[in-house]
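The values are calculated or read from the model by the stated rules, or taken from the named source; none is laboratory data. What you see is a predicted model, and the numbers here were worked out from it, not measured in a lab. Cβ placement follows ideal geometry from the backbone for every residue including glycine, while neighbour counts extend to all protein chains displayed. Each accessible area value is taken on the protein alone, full model and side chains, heavy atoms only, with ligands, DNA and RNA left out. Shrake-Rupley method; radii C 1.70, N 1.55, O 1.52, S 1.80 Å.
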Amino acid sequence: MRIYYDEESRLIFIETKSTTMCLAITDTEGFLNNVYYGIKIQRDDLRYLLRTGVGPFVPSVNERDRGSYLDCARFEFPSSGAGDYRPSAVTVTDDKGHDVSQFLYKSHRIYEGKDKLFARMPEGVDVRMPSTFDVKSGAETLEITLSDDVLGLEAKLSYSVFEDSDAIVKSVKLINKSDSPVTINRLHSSSLDLDRGVWGDKTPDVVTLSGTWARERHIDRRSLSRGNVEVYSTRGETSHQFQPFMALCDKNAGNDHGKIYAQTLIWSGNFLCGSSMDQFDNIRSYIGINPEHFAWDLKSGESFQAPEAVLVYTEKGFDEMSHIFHDLFRDHLIRSPYLHRERPVLINNWEATYFDFDTDKLINIASEAKKCGIEMLVMDDGWFGVRNDDNSSLGDWTVNEEKLPGGLKVLSDKLEEIGMKFGIWFEPEMVSPDSDLYRLHPDWAIAVPGRKPCRMRNQYVLDITRSEVRDHVYKCVSDILKSAKISYVKWDMNRQLSDLGSEGLEPGSMGRLSYLYTIAVYDLQGRLLEEFPDLLLENCSGGGARFDGGMLFYSPQIWCSDDTDAYERLSIQAGTEMLYPLSTMGAHVSASPNHITGRSMPFDVRCAVALSGTFGYELDITKIPEEDRGAIPEQVEIYHRYGEIVREGDYYRIASEAETDYFDAWMSVLKDGTRALLTYVQCKAYPNGKGRCIKLKGLDPDAVYELNLIGTERDDSLFCGREKKKAWEDLAPGALSGDTLMNAGIILPLLPGDYAQMMFEIKRLA
Ligand code: GLA
């Protein structure tokens, strides 16, 4: 039993492999408080933790019951307007305009398994929301019902744990049991109160992932002080700018040590994620849909489901935190049949041709790619309507026969003849003002009547919350997929939402739009996978603006960033890997100089960095230097040989350039400890340096391993080269125990020049 209720003390213990969360129902008032979340402890009577001993000016409902000191107690579902002045988890306005609520314990139940989450579309259809599920180990769920009897509102708080995970997943549903409507202005999926004392005499650090287009998910770290630290999206997608992620950690927490409380949200739309510290050193961490652009009119009898939040606690640093997220996502969130499969090595024509392509060009690229061992051609933007640049045709999903005579069938047949799979790009949620669709249905774009909506990349967003628009969009995609042999779809979304107005929503309900938009995307992708269960779906949003747990429920991989510069990718991928498994990270080798940064880098280094993700190429293979083309067969071979380690293994950070000043290194280790992969990238030449000691991680201390420099198997290897081989042979140790490799480490040679790589297979011998 992992969830346990003690009737006498009215304490509920939620336990994972190594953590305990303890909720307390206070005696006098029936508040639900969180008295403990941390490393696993005994199921002791923790009610003493309710007694906070606060000063005279703190509001309370009851002078005796310390758990009711409203502005100080550790509330599990803090409401607003009744004396707790910290960020609330729920704000509701009644039909008179009062925005006071107070949710008290009513009942709870504990059950085996875990329920699915659903959201209702305006036409009355229930759409499944992405959330974790259970396949191999039994999940256990606690559902607590809280009630505000004045409002006639119930809140169902749901907590699930899995046998094989140290994460706790949480969600909240509000139900209007009264005869009057209310408006939900804020509903967080999780709110966690902690005492700063957890960190001793220090304040914690806050770690978030932030960026912009072509610079997504850089790791950001600063100290928490009084007030709020928040990251958020109001863009209708999770965004390039911030991830729905925040970790509170020890000041000195590092990759393999330190306490961390981390949270994320399984959601692809607007979110708010924050931590606040108040005058009593109480810390409140919260995550949920963003109250900005949100107001949900909840009518009598209706319910509203907030997305699922994930909480992780560890005392073993960031590697362990990442392992918990990675395993949870791989084992309990990603549904694709491709999750554990080797993905086809693809070549995408975007950076090769942009809009300027035709069947012949594509077939030339595909034929050359086939010779090199590449397995799939992905035709990117520009194959439909009259789209020769990004000014037109989104919405007109008819094949441009000037570029592709005979249509997709001819192209896909030709590809099949060559022995290549075929993938295609779509941007189904959008419409160009210059398109037949927009000319026919201008009202299908999201806009406020009387206002000219802003354009981004010269396009509008279709109002897919309307069922007729959604059905049309779905049919366009489905018809195309049925018209030819298509194995893969890259589903793009290249602008953010603005001008939130929908002709499909009742007047007064526009505050529903951004939430429903996200649900509509889920509906479309859910339908697609139901009709085409073998389709390999890759999500994308102007690079990586919709890289989130919600999308992983549909696609096992997401395009990480439009920035394919391998040096830039080091920080983008390191941030992405904080949360997401390497197997989900779309990563391609592109041309040099790089199209975004203009930086030139050796081909093997570009390959080594892309090998940490789904791996593919994004260049004109017919135009790259002969030597680079000649290297591809070996690179593809390396991917096939070691792909499993990246896909299934545990990821460890060894060193980052930000700290070492000149190199980056990381590892993946198969869970059974038999094989591992070490990637070392030297970012710049380092004068008068020496060989660098690297301590390996994640190995079995008692096993014996050998280290093999990858790319030495062939005399003509272009991946490693003779010089590197020789430099390594001078320093290479013989077979060593995992213990030695992890504690004494190995010495890697200093390599000549800027940008160089070495990859090692670490193989267990005994
Ligand atoms: C976005 C994607 C790119 C490419 C273009 C096409 O920017 O991230 O990979 O597909 O759109 O317009």
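Return a yes/no flag: does the stretch 311-325 have any residue that is in contact (Cβ under 8 Å) with a residue 40 or more places away in the chain, part of a strand (DSSP E or B) and within 30 Å of Met121 (Cβ to Cβ).
Keep residues of the stretch 311-325 that are in contact (Cβ under 8 Å) with a residue 40 or more places away in the chain, which gives 311-325.
Next, only the ones that are part of a strand (DSSP E or B) stay: 311-314, 316.
If we keep only those that are within 30 Å of Met121 (Cβ to Cβ) as well, we get 311.
Scanning the stretch 311-325, I find at least one residue that is in contact (Cβ under 8 Å) with a residue 40 or more places away in the chain, part of a strand (DSSP E or B) and within 30 Å of Met121 (Cβ to Cβ), so the answer is yes.
I want to confirm something. Restricting to the stretch 468-526 and keeping residues that are assigned to a helix (DSSP H, G or I) and among the small types (Gly, Ala, Ser), which single residue is surrounded by the fewest Cβ atoms within 10 Å (Cβ to Cβ)?
By that ranking, first place goes to Ser483.
Out of Ala591, Ala658, which single residue is modelled with pLDDT under 95, within 20 Å of Gly753 (Cα to Cα), open to solvent by 10 Å² or more (accessible area, probe 1.4 Å) and not acidic (Asp, Glu)? It would help to see each step written out before you state the result.
Working: Ala591 fails: modelled with pLDDT under 95.
Going through Ala591, Ala658 in turn, the sole match is Ala658.
Can you pull out every residue in the stretch 494-552 that is within 16 Å of the ligand (Cβ to nearest atom) and polar (S, T, N, Q)?
Asn494, Gln496, Asn539, Ser541
Looking at the stretch 377-407, which of its residues are outside any loop (DSSP other than H, G, I, E, B) and either modelled with pLDDT under 95 or buried (at least 22 other Cβ atoms within 10 Å of the Cβ) (or both)?
Leu377, Val378, Met379, Phe384
Can you tell which of Ile289, Ile219 is at pLDDT 95 or above and open to solvent by 40 Å² or more (accessible area, probe 1.4 Å)?
Ile219
Among the residues of the stretch 476-493 satisfying the criterion of being of a type outside the set (A, V, I, L, M, F, W, C) and away from the ligand (no atom under 16 Å from the Cβ), which is nearest to the chain's Cα centre (by Cα)? Before the answer, list the steps.
Taking the stretch 476-493 as the starting set, the residues that turn out to be of a type outside the set (A, V, I, L, M, F, W, C) are 478-479, 482-483, 485, 487-488, 490, 492.
From what's left, away from the ligand (no atom under 16 Å from the Cβ): 478-479, 482-483, 485, 487.
Details: Ser478: 26, Asp479: 30, Lys482: 30, Ser483: 32, Lys485: 30, Ser487: 24 Å.
The extreme case among them is Ser487.
Is the stretch 109-116 home to any residue that is part of a strand (DSSP E or B), touching a residue at least 24 places away in the same chain (Cβ under 8 Å) and crowded, with 20+ Cβ neighbours inside 10 Å?
no
Limited to the stretch 413-434, what total is found for residues that are of a type outside the set (A, V, I, L, M, F, W, C) and surrounded by fewer than 22 Cβ atoms within 10 Å (Cβ to Cβ)? Before you say what the answer is, go through the steps one by one.
Let us first name the residues in the stretch 413-434 that are of a type outside the set (A, V, I, L, M, F, W, C), namely 413-414, 416-417, 419, 421, 423, 427-429, 432-434.
Now narrow it down to the ones that are surrounded by fewer than 22 Cβ atoms within 10 Å (Cβ to Cβ): 413-414, 416-417, 419, 421, 433-434.
Of the residues in that region, 8 qualify.
Could you list, ordered by first residue, the pairs with Cβ atoms under 7 Å in which the first is in the stretch 698-727 and farther than 25 Å from Val589 by Cβ and the second is among the small types (Gly, Ala, Ser) and modelled with pLDDT under 90, at least 6 apart or interchain?
Taking only residues 6 or more apart or on different chains, the pairs are Ala703/Ala766; Val704/Ala766.
Of all residues in the stretch 68-121 being at pLDDT 95 or above and in contact with a helix residue (DSSP H, G or I) (Cβ under 7 Å, 6 or more places away or on another chain), which is nearest to Ile464 (Cα to Cα)?
Step by step, filter the stretch 68-121, then rank; the result is Met121.
Report whether or not Val54 is outside any loop (DSSP other than H, G, I, E, B) and among the aliphatic types (A, V, I, L, M).
Spelling it out, it is not the case that Val54 is outside any loop (DSSP other than H, G, I, E, B) and among the aliphatic types (A, V, I, L, M).
Would you pick out the residues in the stretch 93-129 that are of a type in the set (Phe, Trp, Tyr) and closer than 30 Å to Tyr69 by Cβ?
Here is the first cut: in the stretch 93-129, the residues of a type in the set (Phe, Trp, Tyr) are 103, 105, 111, 118.
Hits for the stretch 93-129 are Phe103, Tyr105.
Any residue in the stretch 615-641 that is farther than 15 Å from Cys720 by Cα and more than 16 Å from the ligand (Cβ to nearest atom) sitting within a Cβ distance under 7 Å of a residue that is open to solvent by less than 40 Å² (accessible area, probe 1.4 Å) and in a helix (DSSP H, G or I)? List the pairs, counting only those 6 or more apart or interchain.
Ile621/Ile365; Ile621/Ala369; Ile621/Arg629; Thr622/Ile365
Let me spell it out: the conditions are (1) within 23 Å of Leu49 (Cα to Cα); (2) crowded, with 21+ Cβ neighbours inside 10 Å; (3) of a type in the set (Val, Ile, Thr), and Thr238 meets all of them except one. Which number is the exception?
If we test Thr238 against (1) within 23 Å of Leu49 (Cα to Cα); (2) crowded, with 21+ Cβ neighbours inside 10 Å; (3) of a type in the set (Val, Ile, Thr), just (1) comes out false.
So that you can scan it fast, the table gives a plain yes or no per residue for (1) polar (S, T, N, Q); (2) over 14 Å from Lys763 (Cα atoms):
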| site | (1), (2) |
| --- | --- |
| His640 | no, yes |
| Thr660 | yes, yes |
| Asp664 | no, yes |
| Val669 | no, no |
| Asp672 | no, no |
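Does Asp195 meet the test of being charged (D, E, K, R), surrounded by fewer than 19 Cβ atoms within 10 Å (Cβ to Cβ) and under 21 Å from Ser88 (Cβ atoms)?
The answer is yes for Asp195.
Cβ-Cβ distance below 6 Å, separation of 6 or more or different chains: which pairs start in the stretch 367-390 with a residue that is farther than 15 Å from Met430 by Cβ and of a type in the set (D, E, K, R) and end on one that is away from the ligand (no atom under 13 Å from the Cβ) and assigned to a loop (DSSP other than H, G, I, E, B)?
Sorted first by the residue in the stretch 367-390, then by its partner, the pairs are Glu368/Ile621; Glu368/Thr622; Lys370/Gly419; Lys370/Met420; Glu375/Pro344; Glu375/Val345.
Checking Gly373 against (1) farther than 22 Å from Gly616 by Cα; (2) away from the ligand (no atom under 12 Å from the Cβ); (3) in a loop (DSSP other than H, G, I, E, B); (4) open to solvent by 20 Å² or more (accessible area, probe 1.4 Å), which test does it fail?
Against the list (1) farther than 22 Å from Gly616 by Cα; (2) away from the ligand (no atom under 12 Å from the Cβ); (3) in a loop (DSSP other than H, G, I, E, B); (4) open to solvent by 20 Å² or more (accessible area, probe 1.4 Å), Gly373 comes up short only on (1).
Taking only the stretch 679-731 into account, find how many residues are over 27 Å from Asp628 (Cβ atoms) and of a type in the set (Val, Ile, Thr).
The qualifying residues number 2.
Looking at the stretch 141-151, is at least one residue under 22 Å from Ala247 (Cα atoms), open to solvent by less than 10 Å² (accessible area, probe 1.4 Å) and touching a Ser or Thr at 6+ places or on another chain (Cβ under 9 Å)?
Among the residues of the stretch 141-151, not one is under 22 Å from Ala247 (Cα atoms), open to solvent by less than 10 Å² (accessible area, probe 1.4 Å) and touching a Ser or Thr at 6+ places or on another chain (Cβ under 9 Å), which makes the answer no.
Failed condition for Arg10, given (1) loosely packed, with under 14 Cβ neighbours inside 10 Å; (2) basic (Lys, Arg); (3) at pLDDT 95 or above, with all others met?
That leaves (1) as the condition not met.
Kindly indicate whether Thr564 is within 16 Å of the ligand (Cβ to nearest atom), more than 13 Å from the chain's Cα centre (by Cα) and more than 20 Å from Leu481 (Cα to Cα).
Yes; evaluated as a whole, the condition is true for this residue.
Scan the stretch 661-685 residue by residue and report those that are among the polar types (S, T, N, Q) and open to solvent by 20 Å² or more (accessible area, probe 1.4 Å).
The one that is among the polar types (S, T, N, Q) and open to solvent by 20 Å² or more (accessible area, probe 1.4 Å): Thr674.
Given the criteria open to solvent by 20 Å² or more (accessible area, probe 1.4 Å), touching a Ser or Thr at 6+ places or on another chain (Cβ under 8 Å) and more than 12 Å from the ligand (Cβ to nearest atom), does Asp358 qualify?
no
In the stretch 207-256, which residues are more than 27 Å from Gln279 (Cβ to Cβ), touching a Ser or Thr at 6+ places or on another chain (Cβ under 8 Å) and of a type in the set (Gly, Ala, Ser)?
Selection gives Ala214, Ser233, Gly236, Ser239.
Any idea how many residues of the stretch 449-475 are in contact with a Ser or Thr (Cβ under 9 Å, 6 or more places away or on another chain) and more than 16 Å from the ligand (Cβ to nearest atom)?
5
For the stretch 638-652, check the following and say yes or no: at least one residue is within 23 Å of the chain's Cα centre (by Cα), closer than 19 Å to Asn255 by Cα and surrounded by fewer than 20 Cβ atoms within 10 Å (Cβ to Cβ).
No, that holds for no residue.
Looking at the stretch 224-244, which of the residues that are under 14 Å from Arg546 (Cβ atoms) and part of a strand (DSSP E or B) is farthest from the chain's Cα centre (by Cα)?
Taking the stretch 224-244 as the starting set, the residues that turn out to be under 14 Å from Arg546 (Cβ atoms) are 233, 235-244.
Applying the additional criterion that residues be part of a strand (DSSP E or B) yields 233, 242.
Working: Ser233: 14, Phe242: 11 Å.
By that ranking, first place goes to Ser233.
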